[in-house]
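J.: Handing you this structure, nothing more for now.
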Amino acid sequence: SRRRHTRYGTVTGVQTCALPILGQWLLVQLLTHACDQQLQRATLEVRCSNQVAILLYQSFGFQVLGQRRRYYGDGEDALVLWQNSLQSPEFQATLARRRDRSREHLERQGWILSCQLAVTPSAVIPNP
């Protein structure tokens, strides 16, 4: 059996404190794609000072597993967060609710939403 690791790249440029619902919608799109690919886990790095983003990620079940010292160019540390239950029924239900809620909210504000993800697996690593 093989484990797939898919790297999604970096999503930047959204001020989550200015428009948190858009940050949530983007996260939902990435997690939905990961689930559709039958991935079991997701990981990400976030600035230690970005409390808005940390709370958003934790609301999706991400947990802090570590810290990367001086990860960012300005010397700030990053927290490493993991979500280990992408395929669980509870997570799937939460994801569906958040997807619908964020889409409805943004559409009421006049946003026209479309999302097409083109993701290439970065590595295929055999199970130990």
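J.: In whole percent, what relative contact order does segment 44-102 give with Cα contacts below 8 Å and a gap of six or more residues?
T.: Worked out over segment 44-102, it gives 34 percent.
J.: Once neighbouring chains are kept in place and the probe is 1.4 Å, which whole percent of the accessible area of segment 16-80 is contributed by carbon and sulfur?
T.: So the carbon and sulfur contribution to the accessible surface is 50 percent.
J.: Right, another one. Once the piece of chain linking T94 and L26 is laid out straight, how much longer is it, given 0.36 nm per residue of separation minus the C-alpha distance between them?
T.: Additional length available on full extension: 23.0 nm.
J.: Let me ask something else. Could you tell me which trypsin sites (Lys or Arg not before Pro) in segment 27-114 are loop residues by DSSP with no more than 15 other beta carbons within 10 angstrom of their beta carbon?
T.: When the trypsin sites (Lys or Arg not before Pro) of segment 27-114 are filtered for loop state and at most 15 Cβ neighbours within 10 Å, R41, R69, R70 remain.
J.: Which FRET efficiency value, to the nearest 0.05, do you get for Q38 and R108 by plugging their Cβ-Cβ distance into 1/(1 + (r/R0)^6) with R0 = 22 Å? Please report the intermediate quantities before stating the final value.
T.: Numbers: r = 33 Å, r/R0 = 1.49.
After rounding, the FRET efficiency stands at 0.10.
The values are calculated or read from the model by the stated rules, or taken from the named source; none is laboratory data. All values derive from a computational prediction rather than experimental measurement. Cβ atoms come from the backbone with ideal geometry, glycine included; neighbour counts cover every protein chain shown. Keep in mind that these areas ignore ligands, DNA and RNA; they rest on the heavy atoms of the full protein, side chains included. Shrake-Rupley method; radii C 1.70, N 1.55, O 1.52, S 1.80 Å.
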